[in-house]
Structure formats: structure tokens, C-alpha cells
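Worksheet: one structure, shown below.
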Amino acid sequence: WLERERGLRFDDYDAAWRWSTTELGAFWESVWDYYEVRSTTPYQQPLTGEGIADARWFEGATLNFAEHMLRLPGRAADDVVVLARSQTRGPVSLTAAELRAQVARVRAGLAALGVQRGDRVAAYVSNIPEALVAFLATAGLGAIWSSCSPELGARSVVDRFGQIEPKVLIAVDGYRYGRKVIDRTGELGDIVAALPSLEHVVVIPHLDEPAGRVEEAIAWSELDGSGGDADAGFELVPFDHPLAILYSSGTTGPPKPIVHGHGGLLLEHLKLLGLHTDLGPDDRFFWFTTTSWMMWNYLTSGLLVGSAIVLFDGDPASPDLGCLWQLAAETGVTYFGAGAPFFMACRNAGLEPGAEFDLAHLRGVGSTAAPLPASGFEWIARAVRPGISIGSVSGGTD
């Protein structure tokens, strides 16, 4: 494509890599064009300024991350694009049309609550379809998303959300972790009390019978935007408009909020998922993650390149460490990701996933969160699928 469209030819990988790291504006503009990024206004230059401090990317462009997520390239309206499995409730699958409709409904519902461009929407949610829908609805309004997993206690959540003054909090009432039923209504009450900026609380009824309830909360089913325009378009924002706030781990003091923009995350994830990981409309993409970890953002962005994404909510070792491999077999996962400690735990337990489950469709394995030791590579190459592509990737919240 670069040779045909740009007149560029590289003799080897190193030459292509060198161009991508020295001709930054040209490289990122090629990503923009290759993936047909939409902007309602033209940008002036892909990059102006020298160095990190004064770099400006694609000034003049106006776009929306959620709109690009819901383009779902290569997907028909009735194609399944979200497969969710949970230890709390039954399986859920969403087609492209269903996902778009749910996002439009929740976007209108949030707008009816007064959420608008620049407002913060915080989420205390499990890795379930409602989390994805709420994220895209928030982004579609030009509001700013931030999420924490309900495994975190109230203090840890307030340490994060207390810094960003959210207008709306969306939360589950609890969840199951293996055989354990964990009610979170008590913690949710403490979180709400500690966030004076909140104007509304929306509760997703994840447990059948939670032990408590949150006063004056709105049920997820009521977030329908009655009287609003569910078909309203996406709020178009500048390239660097804030999209999501993630947090450092908190190991060196309070967790530090890090802001990611619509355009930056869009281009970075198109590159990561489309070029590095080689995902497309024929793939089913899974990564074991919670909504507290930046890999949740990475996983959900599989939609940008038309991949179906597989969500998991629960204990990865229940009833045993074969749980996620069985999930991969049942849902037809083509790319399987998890933290390095998970793969090492499987190795140390003597698992043979390739022999125990049908993983013929699996063509890639990704590992992160820690370096994967050589013995981990060797175990995947032997016990999962010989010859499979293994990516031990680095990165993080920043």
C-alpha cells in the first residue's frame, strides 16, 4: 500500500521500522489514510512542533471515537460483534445492529440526564456489554469516560473518581466470582456519598437479588432518553479532545489520572490492532481483563477493525484454569490474550489446552502485564498450538 499510494519501498523490516520512527507525520498520516479515518473538517498538517512538549497532531480535524468504533468495517448489520460470558448470568451476544441501537438509546438517556461535552461519566462496572455500551454512549456525546472494576473497594474507587468530579456514576449492584456472590451496594453507597459532584447514579442489576439498594438511583432499563432523539448524531470534537481517563497503579501515592484523546487513541489502536496484531473482520478477539485495566480499552477497540470481541466476567480459575481455554474453544476465539502470570500458572499446573480443547481457529496469543519468561513462550508453543504467533507486548496506562 505504501509503495502504491506513497511511492515508498523498503528492502526489509528494519527499513520500514526506521521510516515509521523518523518520519512521524508521514507515518501517522499513512495510518489515517489506510484506515479511512473520517473527519468532518480537514486537518492542516499531521504533525507540527518539535518534541513531546509542543507537538500538535492533526490540528483542525474534528471526529468522534465512538462513531469509528460503530462503523464496524466488513460487518453486516446481523453479524455478531460482541460475545459476552459471565459467571453472574447467562451468555449474551450482540449483532452490529443491536450494539448500535443500544448505544443510541443510552446516549439519548445520558443526554436526558444533562450529560454533555466535557462532562465526566464514571463507571463501577464489570466487563459486561453494558460497560461497552455506556462507554460508547459517553464518547458519542463528547463526554469523558472513566471506569473501575467492582472488585475495588470504595476507598480505591474514590481515590480515582474523586479527582475527576464525575457528573454521573454507572454501577453494577454486585457480581459472582466463581462460586462467591459479592454484593456491592454497600460500597456503592459509600462511593456516592464521597463524590459530591454526582447528579445521577445509574444501577445495572447484575445480581438476581442484591442485599441492598442505592437511594434515588436510576435503573439501567430506565436510561432510555424518552422524549430525546435516539438517532442524534455523534458530537464531533477536536482530535485531542479528552475521551477517557485511566489511572496509574497507585504504588507511588494516589493513582494518577492520565487523559487519552479521541484521535490519539483511535490512531494508536488502529495501528496496534490492525497492523501489530493483524486483526480484521474475520477475527474473534479475546483478552482477559477487568474494566480497571487499560487492556479493557485495548480489547474493546477490536471493533475498530471489525473484529468481534469476546468479554469475560468472572474468576479465570473457576472451576479450574481451563475455564478461559474452554471459553476460547466455545466462542471461536482467533486471538487470545491474558497477563503473563496467567500463562505461567497454566504451565505450572501442567495444562495442555491444545490437547484438551478445540483451538484449531486460534492463530495468535498475546501476553502482557509482566515479561513472559522463555519457559512461558516454550509452553505456549508446545501446549497451546505449535507454530502459533506469540506476542509479549509492553505498554500501559500511559
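The values are calculated or read from the model by the stated rules, or taken from the named source; none is laboratory data. Here the structure is a predicted model, which is why all the values come from computation and not from measurement. Here the Cβ is made from the backbone with ideal geometry for all residues, glycine too, and neighbour counts use every protein chain on show. Just the protein is used for accessible areas: all its heavy atoms, side chains included, with ligands, DNA and RNA removed. Shrake-Rupley method; radii C 1.70, N 1.55, O 1.52, S 1.80 Å.
Would region 89-231 count as rounded, prolate or oblate if I go by the C-alpha gyration tensor, calling it rounded below 1.5 in a/c and otherwise prolate when a/b exceeds b/c, oblate otherwise? Before the final figure, lay out each step's value.
Working: a/c = 1.74, a/b = 1.17, b/c = 1.48.
Oblate shape, in that a/c is at least 1.5 and b/c is the bigger or equal ratio.
Which residues' amide hydrogens lie under 5 Å from the amide hydrogen of Ile170, considering only partners 5 or more residues apart or on another chain, with H built in the peptide plane?
Ala122, Ala123, Tyr124, Val202
Express in % the proportion of alpha carbon pairs of the chain at distances exceeding 36 Å.
On the way: 19064 of 79003 pairs.
For the chain, the fraction of Cα-Cα distances above 36 Å is 24 percent.
Using a 1.4 angstrom probe on heavy atoms only, work out the carbon and sulfur share of the accessible area of region 5-164 in %.
49
Quick one: accessible area per residue over region 190-322, 1.4 Å probe, rounded to a whole number of Å²? Provide the component values of the computation, followed by the final result.
Working: 5710 Å² over 133 residues.
Heavy-atom accessible area per residue stands at 43 Å².
At a 10 angstrom cut-off on C-beta neighbours, averaged per residue, how do the peptides 97-110, 185-198, 120-133 rank from highest to lowest? Can you show the working numbers first?
On the way: 97-110: 21.3, 185-198: 17.4, 120-133: 25.0.
Descending mean neighbour count gives 120-133, 97-110, 185-198.
Can you tell me the accessible area per residue over region 1-136, all protein chains present, probe 1.4 angstrom, in square angstrom? Before the final figure, lay out the partial values.
On the way: 6620 Å² over 136 residues.
Heavy-atom SASA per residue in region 1-136 reads 49 Å².
Positive end of the dipole of region 1-145, charges at C-beta (+1 Lys, Arg; -1 Asp, Glu), about the Cα centre: which of Pro129, Trp19, Gly142 has its Cα farthest in that direction?
Value: Pro129.
With Cβ to Cβ distances under 10 Å as the rule, what net charge do the other residues near Cys323 carry (K, R +1; D, E -1)? Kindly include the intermediate steps, with their values, before the conclusion.
Values: positive: Arg85; negative: Asp315, Asp320.
Counting the neighbours of Cys323, the net charge comes to -1.
Work the Kirkwood hydrodynamic radius out for region 300-366: mean of 1/r over every pair of different alpha-carbon atoms, inverted, in Å.
Computed over Cα pairs of region 300-366, the Kirkwood hydrodynamic radius comes out at 12.7 Å.
Which one of Val202, Ser248, Ala111 is farthest out on the positive end of the charge dipole of the chain, using unit charges on Cβ (Lys, Arg +1; Asp, Glu -1) and the Cα centre as origin?
Ser248
Heavy atoms of the protein only, probe of 1.4 Å, neighbouring chains included. What is the accessible area of Glu215 in Å², nearest 10?
Approximately 130 Å² for this residue.
What is the dipole size for region 1-88, taken about its Cα centre, with +1 at each Lys and Arg Cβ and -1 at each Asp and Glu Cβ, in debye to the nearest 20?
On the way: 9 positive and 15 negative charges, 66 e Å.
It works out to roughly 320 debye.
Show which aspartates and glutamates lie in cross-link reach of Lys167 when reach means a straight Cα distance below 14 angstrom and same-chain residues fewer than eight apart are skipped.
Hits, sequence-local ones excluded: Asp119, Glu199.
Using the crude model of +1 on Lys and Arg Cβ and -1 on Asp and Glu Cβ, and no other charge, please compute the dipole size for the chain relative to its Cα centre, in debye to 20. Spell out each step's value before the answer.
Working: 30 positive and 49 negative charges, 80 e Å.
For the chain, the charge dipole is close to 380 debye.
For region 244-398, what is one quarter of the convex hull surface built on the Cα atoms, given in nm²?
9.3
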